[in-house]
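Have a look at the structure below, then the notes.
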Amino acid sequence: KYDPSAFPASGKGWLEAVAFRVIADHIRAVAFTIADGQLPANTGAGYVIRRILRRGVRYYYSYLDYKHPLLHQLVRVLAKQFEHVFPELEKQAEFIAKVIKEEEDAFLRTVDKGLFMLNEISHDITGEEAFKLYDTYGFPLDLTKLIATEKNLDIDEAGFEKEMQKQKDRSRAATV
C-alpha cells in the first residue's frame, strides 16, 4: 500500500512537491474521465487519457522513486473527497481503479528500460532514438520531449516523423 509518510514534503525538496501536485492533477483528470465513459486507448480521446496516466506514472517513478502502481490506490481517496459533488466516481471506484492499475502495470513494465535509455543520452535526441522510445518502450513523443527539456536537450522531431512514416509504410506493405 502507498504510505504518504514515506515521502515527507518538508525534507525532499520542491521537485517532490511538484510531483505530488502533478499526480493529484493527473489522477483527477483520468478518474473523472473514466467515470464519464472514456477508457484509455491507442487513438483519440482514449490516447489522451493514456498519455496523462503515463505522465503521472513517470512523475512518481522518477521523482518519488516509487516503482509500483500508485495511481489506482488514490481512486478511493478521490471518490471520498468528491462523493457529494460527483457520486458517480464512488459508484465506479472499483472499476476505475482496475482500469488505471492495468494501465500502470503495462507502462511500468517498459518505463524502466525507456528511462534508462533516455538517461544514457547526453546529446540532442535523434529522430531514430525518439522513435525507438515510442515504438519499443511506449514513450509518447510528448513524454520524451518533457524529459529532453528537463535535460536541456533538443529532439529531431522531423526525424521522428520520418521514422513514423517509414513504420506506417512498412505496415501498409505488410497488409497488401
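For a label point 7 Å from the Cα of L39 along Cα→C-beta, name the residues of region 47-78 whose backbone N is under 14 Å from it.
47, 50
What percentage of the solvent-accessible surface of region 114-174, computed with a 1.4 Å probe over protein heavy atoms, is contributed by carbon and sulfur atoms?
Values: 1670 of 3470 Å².
Looking at region 114-174 in its full context, I get 48 percent from C and S.
Looking at region 48-152, which chymotrypsin sites (Phe, Trp or Tyr not before Pro) are DSSP coil and have at most 10 other C-beta atoms within 10 Å of their C-beta?
On the way: sites: Y59, Y60, Y61, Y63, Y66, F82, F95, F107, F116, F131, Y134, Y137; in loops: Y66, F82.
Answer by residue number: there is no such site.
With the chain treated as a Gaussian network of Cα nodes joined by springs under 10 Å, which of I27, I96, I147 yields the largest mean-square fluctuation?
I147
Could you count how many Lys pairs in the chain have their Cα atoms under 20 Å apart, skipping same-chain pairs fewer than 8 positions apart?
22
With label points built 7 Å along Cα→Cβ from the Cα atoms of S122 and D105, find their separation and express it in nm.
It is 3.9 nm.
I'd like to check one number: the per residue accessible area of region 16-62, probe 1.4 Å, reported in Å² as a whole number.
Values: 1950 Å² over 47 residues.
Here the per-residue accessible area is 41 Å².
Where the only charges are on Cβ atoms (+1 Lys, Arg; -1 Asp, Glu), what is the dipole of the chain about its Cα centre, to the nearest 20 debye? List each step's numbers first, then the result.
On the way: 25 positive and 27 negative charges, 73 e Å.
The dipole magnitude comes to about 360 debye.
Need one number: convex hull volume per residue for the chain, Cα atoms only, in Å³.
Numbers: hull volume 23.1 nm³, N = 176.
Normalising the Cα hull of the chain by residue number yields 131 Å³.
How many nm is it between the label spots at W14 and K91, if each spot is 7 Å from the Cα in line with the beta carbon?
The two pseudo-label positions are separated by 4.4 nm.
Determine the gain in length on full extension of the stretch A29-N152; use 0.36 nm per residue of separation and subtract their C-alpha separation, reporting nm with one decimal. Walk me through the intermediate numbers first.
Numbers: separation 123, 0.36 × 123 = 44.28 nm, distance 2.83 nm.
Result: 41.4 nm gained on full extension.
Just to confirm the number: angle between the C-alpha axis of helix 157-175 and the first principal axis of the chain, 0 to 90 degrees, nearest 10?
80 degrees
The values are calculated or read from the model by the stated rules, or taken from the named source; none is laboratory data. None of the values given here were measured: they were computed from a predicted structure. Because the Cβ atoms are built from the backbone with ideal geometry, glycine has one as well, and the counts that use them run over all protein chains shown. Ligands, DNA and RNA are stripped out before the accessible areas are found, and what is left, the full protein with its side chains, is counted by its heavy atoms. Shrake-Rupley method; radii C 1.70, N 1.55, O 1.52, S 1.80 Å.
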